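The values are calculated or read from the model by the stated rules, or taken from the named source; none is laboratory data. For clarity, every value in this text was computed on a predicted model and none was experimentally measured. Because the Cβ atoms are built from the backbone with ideal geometry, glycine has one as well, and the counts that use them run over all protein chains shown. For the accessible areas, the whole protein counts, side chains as well, though only heavy atoms, and no ligand, DNA or RNA atoms are used. Shrake-Rupley method; radii C 1.70, N 1.55, O 1.52, S 1.80 Å.
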Amino acid sequence: MDKHRPPKVLAIASGGGHWVQMRRIMPAFEGMDVCYASVDPSSAADVPGHAYYAFRDVSRRDRLGFAVLIAQLARILLRERPDVVITTGSAPCLFALGMAKTFLRARTIWIDSIANAERMSSSGAQARRVADVWLTQWEHLARPGGPDYWGAVL
Amino acid sequence: MIFVTIGSMFPFDRLIQRMDEWAQAHPEAELLAQIGDGAYAPTHMPWVRRLDQVDFARKVAEADLVVAHAGMGSVITASQFRKPIVMLPRLKEWDEHTTDHQIATANWLRDKPGVYIADADADLGPRIAEALAAGGPAEPTFAAEAPDEFIARLRSCIFGQS
């Protein structure tokens, strides 16, 4: 990464509460070259002046939809070539992190949803393998070796 | 207006059915239900399957009360517009979600101002009455953005300093 320019960031989150949590950390990207991705085309209204991509809303119950999703994620990643990919979940974003790390050698940040107060989400637990920074929003869920706790969106 | 929402993913017919019964018992009340892919179609309140993020926020802004699943999108949006919210957690046992994390969410949110938890179906009516009587919280339950320290830590991490 060129040390003289701010990193290029892809901030990606599923819909509903995942995107609502992403909105709360947007000040962290101020002044950076950041683009966004989520599932609802209307969420573009939340990020005026930034590139916004909609991807297919795929749950763990919809295995077939993953093929479409992977193609969409590949297109976003190849077009934007982010240095850093940050997500507040869920499952589709696990794939985004894995692909970004494998193919672009991007640095990856997983912030498990604050909804997971008793244990990491299933995707969040798997994110260990693809996240350079692996975070829970609950201090009591942090462990030596990860996940780490840096704070919460609320 | 009471805005009933099941969030953006799985159906939650139990909440919709209970609220349809509530609507039948309260013909004077104005409601709108967002029911997702639920199989149960309400007959006593207007409903839509989906709202985009913009319309969702608009409906919350127009509502006197939000009745929802125990999802973070619903509670944070309700807080943003200082609306009281009644939440009924989804249960894994009844295939309403993949885990029981909404029970945990309901438990840590239960003492927040403006948040009313219905632990069981039978609690919905009483919680709705309480919430309508109390109105919205004086201050938003949550600040508009994540705490500065969390933002700062993420920011320096993105810049490669940690």
_What are the pairs with Cβ atoms under 8 angstrom where one residue, in region B:115-132, is closer than 19 Å to residue B:76 by Cα and the other, located anywhere, is of a type in the set (Phe, Trp, Tyr)? Sequence gap at least six, or different chains._
B:127/B:116; B:128/B:22; B:128/B:116; B:131/B:116
*May I ask you to list the residues in region A:21-31 that are open to solvent by 10 Å² or more (accessible area, probe 1.4 Å) and at the interface with chain B (Cβ under 7 Å from one of its Cβ atoms)?*
A:24, A:27
*Can you name the strands (runs of 3 or more DSSP E) wholly within region A:45-117 that have at least 1 residues being open to solvent by less than 60 Å² (accessible area, probe 1.4 Å) and away from every other protein chain (no Cβ under 14 Å)?*
A:52-54
*asked:* With the structure loaded, tell me whether residue B:144 is buried (at least 23 other Cβ atoms within 10 Å of the Cβ) and within 14 Å of chain A (Cβ to nearest Cβ) or whether it fails that test.
replied: no
_If I go through region A:24-44 residue by residue, how many of them are outside any loop (DSSP other than H, G, I, E, B) and in contact with an Asp or Glu (Cβ under 6 Å, 6 or more places away or on another chain)?_
4
*Quick one: residue B:8 ticks every box in (1) modelled with pLDDT of 95 or more; (2) of a type in the set (Ser, Thr, Tyr); (3) within 21 Å of residue A:20 (Cβ to Cβ) except a single one, so which number is it?*
(1)
